[in-house]
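The block underneath contains the structure these notes are about, expressed in structure tokens.
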Amino acid sequence: MIKPSGLNYRKFPGMQLSPARCRIGLPQRAGGRITAQAGRAAGNHPGRGPGAVWVGRSGPSAPRALARIQRGEAATPRAFLVHGARKLFVPGRVSATSHLPCEKMAAARDLTMTASTRLFYFANDEPGWMPVSHMVRLAARLLEAQQLDLAGPGPGWPGRLRATLLRPGRGGQGGDIYILRSPAELPLVFAHPQFAAPRRFRALWIIDSFWTDMLMRPVRHMLSKFDLVAYMRKGDGPEYQALCGARARFLGWGADVLDLGSGAAERPIDVLRIGRQPEAWDDDARTAAACAARGLTFHGRPPFPARAEGQQQALMADWYGQSKFVIAHSNLAAPAPYTHPTREYITARWTDAIACGATIAGAQPKSDLSLVSWPGAVLDTGAIDLERNLDQIAEALRGWSPARAAENHRQALRHLDWRWRLRDLARALDCGTPGLQAELTRLEARLSAAA
């Protein structure tokens, strides 16, 4: 069989190319041929039944056909072929396309895994979101999910009205998981062209879940379109449970403890400064001098890697895994314009550092420490005062031993690894995979070895 040039074609059950029509890439469905004439006569001709196909020109009718499929008004498509000047197409399961503008090609690729899990996230290279971006890639791998970018323009008023009034399509074998950096990204979910496609389940996982005042209104109604709504900060539970009932689920902060964590005994850095710090801790030269006066080794803000790829691995291996204490303060003790003014919380700085055996030191978010509550995970220094805080750290260092790093790492394996969160998510959505189970088995083996 001759492949149409420029087409990355993949065969699938019940479909074949008619050899006589290979030149124009027109498909033939088992049990009945759909001809070019039928496609032209019908504009965009919908096949019927589980083996259905769509045939039509990729001229003005193409966007309308894609829109109908995305809204769930068509039978589930089975192929997507675009070729040559005739540009006949059948949307569905294929790994690439050609001869369409970029936005239509993207829409076509988004249709390729309608029977599997899809994971949506606002792709970005911002250093502060490195830990979450790493978790998203891990989740996509272990859940065998297609990862799609949530970035794009939000819905205008017509789109908001449609999202409010209409319910998305139900059915099929696959489901969608939307990981939001904050509730403010919920409109991007409803604006995404794939949201209306029929799916077995839809789930939200909100990282900065404490910004509940940013949820799209009417809140209860908009959240009712999701089978599961996960929140990251445990203290937000009552609010999400009031909005979603049993569909609300706590999936707290974690770390890739299994692959990136460490309990190494050799730690040349006594005190490590990472990221934003309050004014008293912001001058690295002053802090280094104060540490030197106490016989402590200090390292200031590490340089950002030149490339986004591998940033998370470098941060954990080269910095957290080399340190005894890492400085991090509660957002209420050290506020900033982008932190919540009344709700305190831990971040990935806590879980990543502890996963690498370090202890977090600083004014702690006392109401959000349940995930890291074992002795030695944090050192609460109380009110922010550089000299007094360093005296407390120096005192703690006199009692430090490599056993502390090993215990922090062991406890992190038990409580913080992202694989536990993904296990809970997969159980709730019935979307587990052999790959996830294999990783959980590996995690349990590591725990047994560390006991």
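Numerical summary
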quantity: Of all residues in the range 401-417 being more than 21 Å from I269 (Cα to Cα) and assigned to a helix (DSSP H, G or I), the one that is farthest from the chain's Cα centre (by Cα); calculated: Q411
quantity: Residue list for the range 261-287, filter: in contact with a Leu (Cβ under 8 Å, 6 or more places away or on another chain) and charged (D, E, K, R); calculated: D270, R286
quantity: Residue match in the range 338-354 (condition: in contact with a strand residue (DSSP E or B) (Cβ under 8 Å, 6 or more places away or on another chain), over 17 Å from A265 (Cβ atoms) and of a type in the set (V, I, T)); calculated: yes
quantity: Any hit, the range 301-317, residues being in contact with a Lys or Arg (Cβ under 9 Å, 6 or more places away or on another chain), over 22 Å from P127 (Cα atoms) and in the same structural domain as G376 (by TED's automatic domain parsing); calculated: no
quantity: Residues (over 27 Å from P131 (Cα atoms) and polar (S, T, N, Q)) located in the range 390-435; calculated: Q392, S401
quantity: Number of positions in the range 294-335 that are part of a loop (DSSP other than H, G, I, E, B) and within 26 Å of V136 (Cα to Cα); calculated: 15
quantity: Pairs, first over 26 Å from D417 (Cα atoms) in the range 261-285, second β-branched (V, I, T) and not in a strand (DSSP E or B), C-beta under 8 Å, six or more apart; calculated: P278/I384; A280/I384; W281/T287; W281/I384
quantity: Test set (1) out of contact with any strand residue (DSSP E or B) (no Cβ under 7 Å at 6 or more places or on another chain); (2) on the phi > 0 side of the Ramachandran plot - M216 fails condition number; calculated: (2)
quantity: Residue check, L228 crowded, with 21+ Cβ neighbours inside 10 Å, closer than 30 Å to D256 by Cα, modelled with pLDDT of 95 or more and under 18 Å from the mean Cα position of the chain (by Cα); calculated: no
quantity: Unmet requirement for A197, which otherwise passes all of (1) of a type in the set (G, A, S); (2) closer than 30 Å to A445 by Cα; (3) touching a helix residue (DSSP H, G or I) at 6+ places or on another chain (Cβ under 6 Å); calculated: (2)
quantity: In the range 364-396, residue nearest to A406 (Cα to Cα) [restricted to those that are of a type in the set (G, A, S) and surrounded by fewer than 21 Cβ atoms within 10 Å (Cβ to Cβ)]; calculated: G376
quantity: For A248: the one exception among (1) without any contact (Cβ under 8 Å) to a residue 60 or more places away in the chain; (2) closer than 21 Å to A377 by Cα; (3) buried (at least 17 other Cβ atoms within 10 Å of the Cβ); calculated: (2)
quantity: Number of the condition not met by L258 [criteria: (1) assigned to a loop (DSSP other than H, G, I, E, B); (2) farther than 24 Å from I384 by Cβ; (3) among the hydrophobic types (A, V, I, L, M, F, W, C)]; calculated: (1)
quantity: Filter pass, A289 being more than 20 Å from D208 (Cα to Cα), of a type in the set (A, V, I, L, M, F, W, C) and in contact with a helix residue (DSSP H, G or I) (Cβ under 8 Å, 6 or more places away or on another chain); calculated: no
quantity: Qualifying residue in the range 305-317 (condition: aliphatic (A, V, I, L, M) and over 24 Å from A264 (Cα atoms)); calculated: yes
quantity: Residue count, the range 212-224 (criterion: surrounded by fewer than 17 Cβ atoms within 10 Å (Cβ to Cβ) and outside any helix (DSSP H, G or I)); calculated: 3
quantity: Any chance S367 is farther than 17 Å from L413 by Cα, in contact with a strand residue (DSSP E or B) (Cβ under 8 Å, 6 or more places away or on another chain) and at pLDDT 95 or above; calculated: no
quantity: Exclusive hit being more than 30 Å from R301 (Cα to Cα) and either surrounded by 16 or more Cβ atoms within 10 Å (Cβ to Cβ) or not assigned by TED's automatic domain parsing to the domain that holds L228 (or both), set R181, R202, R167; calculated: R202
quantity: Residues satisfying the stated conditions in the range 336-372, i.e. of a type in the set (S, T, Y) and not in a helix (DSSP H, G or I); calculated: Y338, T339, T342, Y345, T347, T359
quantity: Qualifying residue in the range 276-295 (condition: crowded, with 21+ Cβ neighbours inside 10 Å and of a type in the set (G, A, S)); calculated: no
quantity: Helices (runs of 4 or more DSSP H) wholly inside the range 111-196 containing at least 2 residues that are at pLDDT 85 or above; calculated: 130-142, 186-191
quantity: Qualifying residue in the range 313-327 (condition: more than 26 Å from the chain's Cα centre (by Cα) and surrounded by fewer than 21 Cβ atoms within 10 Å (Cβ to Cβ)); calculated: yes
quantity: W420 being among the aromatic types (F, W, Y) and either within 22 Å of W205 (Cβ to Cβ) or in a strand (DSSP E or B) (or both); calculated: yes
quantity: Residues of the range 426-451 classified as closer than 30 Å to R404 by Cβ and in a helix (DSSP H, G or I), total; calculated: 12
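The values are calculated or read from the model by the stated rules, or taken from the named source; none is laboratory data. What you see is a predicted model, and the numbers here were worked out from it, not measured in a lab. As a convention, Cβ positions derive from the backbone with ideal geometry for all residues, glycine included, and neighbour counts pool all protein chains shown.
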